[in-house]
Amino acid sequence: MSQQVAARVDLSLQIRGATIRNPVGVASGTIGYGSEYEKLINLDRIGTLYTKAVTLEPRAGNDVPRIAETPSGVLNSIGLANVGVERFLSEKLPYLAKLRCAVVANVAGSSSDEYLAVVERLEEGTGESLWGYEINLSCPNVKEGCMIFGSDPAQVERLTARLRERTERPLFVKLTPNVTDISEVARAAEAGGADGVTCINTVVGMLIDVKRKRPVFPGGTGGLSGPAILPIGVAAVYRVSRAVHIPVIGVGGIATWQDAAQY
């Protein structure tokens, strides 16, 4: 396609009255806060940058090792290591504000109150720099016996509704694939007022160090990503897109344009 023809192709999207220049984004966690990859990727050409998770307080994350390669994938156990919301605002946002792409903050927490507090603080401190929020519901709810938020549709709907009351920005809910019926959770997010859902987060996996006779990661399990989870992500998007009437963002295992086209 010539540059002249390409210039006439409009790939922009509108969600809640806010515009994304094109549907291509970089998934949360894979690109940090953007600046780490500015010499490798032209961030001005993508549609959306989904940031590394932001929690209320800084998190050191899990003990090392945190990364292990598997056939056709990578297992990680990062533990939501991040600088916390205050340092995100003071150290990371000034760089992100200069980018042409839409910036979506991935929000994580260990309780409903923490999710709410992070969004409220970002609402106060970001002005026009932030395009929207992606709510990471693969976190353990410490007030509910460490049940994963995203595994309980009732909790998903309730938390989404409370977040919806606190922002007019686009609000996405990132769904975990580690549930019996992801469509049910997606419908709960839609009922709570989400503008879209992201499918999927990483898949639970484990590797054993056979010489040491114990798991590779100190915490046991990790999250599997990479080409190995492409069929899982595509299947989740297929089911969810037939269950809800809001946009579905496909994530997982994309290495080529053909992978993206499957989504």
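The values are calculated or read from the model by the stated rules, or taken from the named source; none is laboratory data. Computed from a predicted model, the values in this text were never measured in an experiment. Cβ: placed from backbone, ideal geometry, glycine included. Neighbour counts: every protein chain shown. SASA here: full protein model, heavy atoms, side chains in, ligands and nucleic acids out. Shrake-Rupley method; radii C 1.70, N 1.55, O 1.52, S 1.80 Å.
Which residue, VAL54, VAL118, VAL197, tops the fluctuation ranking in a GNM of the chain built on C-alpha contacts under 10 Å?
VAL118
Near the amide H of VAL173, under 5 Å away, which other amide H atoms are found, from residues 5 or more places off or on another chain, if H is placed in the peptide plane?
Those lying under 5 Å, H to H, from VAL173 are ILE135, GLY196, VAL197, THR198.
Just to check, using Stokes-Einstein with a Kirkwood Rh over alpha carbon pairs, what's the diffusion coefficient of segment 150-217 at 20 °C and 1.002 mPa s in µm²/s?
Values: Rh = 13.4 Å.
D, rounded to a whole number, is 160 µm²/s.
How many angstrom lie between the C-alpha centres of segment 22-51 and segment 73-96?
Computed from Cα coordinates, the inter-centre distance equals 13 Å.
Given the protein chains as shown and a 1.4 Å probe, how many square angstrom of ASP209 are accessible, to the nearest 10?
Estimated to the nearest 10 Å², ASP209 gives 40 Å².
How charged is the neighbourhood of ARG169? Take every other residue with its Cβ under 14 Å from the Cβ of ARG169, and add Lys/Arg as +1 and Asp/Glu as -1.
Around ARG169, the charge tally is -4.
Checking the cross-link filter: which lysines have an alpha carbon closer than 26 Å to that of LYS39, excluding same-chain neighbours under 8 positions apart?
Excluding near neighbours in sequence, the set is LYS52, LYS92, LYS98.
Quick check on the chain: helices-only [θ] at 222 nm, where DSSP H runs of length 4 and up contribute -39,500 (n - 2.57) each and the sum goes over total residues. Nearest 500, please.
-7000 deg cm²/dmol
List the pair-distance distribution P(r) of segment 182-261, using every Cα-Cα distance, as the percent of pairs falling in each 5 Å bin from 0 up to the bin containing the longest distance, rounded to whole percents.
3, 15, 20, 16, 15, 12, 9, 6, 3, 1
Specify the residue with the greatest mean-square fluctuation among ASN136, ASN22, ASN82, computed from a Gaussian network of the chain linking alpha-carbon atoms under 10 Å apart.
Of ASN136, ASN22, ASN82, the most mobile in the Gaussian network model is ASN22.
How large is Rg over Rh for segment 23-95, taking Rg from the Cα atoms and Rh as the Kirkwood inverse mean of 1/r across Cα pairs? Let's see the in-between values first.
Working: Rg = 13.6 Å, Rh = 13.6 Å.
Computed over Cα atoms, the ratio is 1.00.
Placing unit charges on C-beta atoms (Lys and Arg positive, Asp and Glu negative, everything else neutral), compute the dipole magnitude of segment 92-228 about its Cα centre in debye, rounded to 20.
Numbers: 16 positive and 17 negative charges, 155 e Å.
Approximately 740 debye in magnitude.
Counting only heavy atoms of protein chains, what accessible area per residue, in Å², does segment 194-263 have with a probe of 1.4 Å? Before the final figure, lay out the partial values.
On the way: 3830 Å² over 70 residues.
Per-residue value: 55 Å².
Carbon-plus-sulfur fraction of the accessible area of segment 80-170, 1.4 Å probe, in percent?
After summing per-atom areas, the C and S share lands at 48 percent.
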